[in-house]
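The block underneath contains the structure these notes are about, expressed in structure tokens.
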Amino acid sequence: MYILRVDVSRRSPPMSARLPDGRALAAQVRAELTAEVAALVAAGVRPGLVVILAGDDPASAVYVRNKEKAAAEVGVAGRVIRLPADVSAARVAAEIDALNADPDRPRHPGPAPAARVGGDLAAGAHPPRQGRGWLPP
């Protein structure tokens, strides 16, 4: 017969790790961004978001809708240019060129796959006007 003795006084301390409160963290980030946007607006800079959405992919529509909502929540002006699924590369390039030509229109070309409309359209976007998401190679 064996007897096992366990000294409970020498246990490891309980782990201090905890799950972060994602909603509270998101609210904090939104509040910080709202303050930063307000400061930019007060300085005469109006941040904005323009998305070119080609086609009617449901996942892309949800992504874009969430970006619009998030932008509006922090005070960023937003606009979506909706194009049909069969849009030509020339038409998308013309939209990009028009946005690049307007010095007051910031934009963010979302992660739309350029291959669907032919060619690397991301290369046509001016790097200083790029947002996070789709950057030229």
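The values are calculated or read from the model by the stated rules, or taken from the named source; none is laboratory data. None of these values were measured; they are calculated from a predicted model. Here the Cβ is made from the backbone with ideal geometry for all residues, glycine too, and neighbour counts use every protein chain on show.
Looking only at the range 72-87, filter to residues that are exposed (fewer than 13 other Cβ atoms within 10 Å of the Cβ) and not charged (D, E, K, R); which one of those is modelled with the lowest pLDDT?
Checking each candidate, the answer is A85.
Looking at A70, A94 in this structure, which one is assigned to a helix (DSSP H, G or I) and over 18 Å from the mean Cα position of the chain (by Cα)?
The unique qualifying residue is A94.
List, please: which pairs have Cβ atoms under 7 Å, are six or more places apart or on different chains, and start with a residue in the range 23-36 that is in a helix (DSSP H, G or I) and end with one that is surrounded by 11 or more Cβ atoms within 10 Å (Cβ to Cβ) and not hydrophobic (A, V, I, L, M, F, W, C)?
Here the result reads R30/E73; T34/G75, each pair linking the range 23-36 to a residue that is surrounded by 11 or more Cβ atoms within 10 Å (Cβ to Cβ) and not hydrophobic (A, V, I, L, M, F, W, C).
In the range 47-71, how many are exposed (fewer than 14 other Cβ atoms within 10 Å of the Cβ) and either more than 18 Å from R91 (Cβ to Cβ) or touching a Lys or Arg at 6+ places or on another chain (Cβ under 6 Å) (or both)?
Qualifying residue count, the range 47-71: 6.
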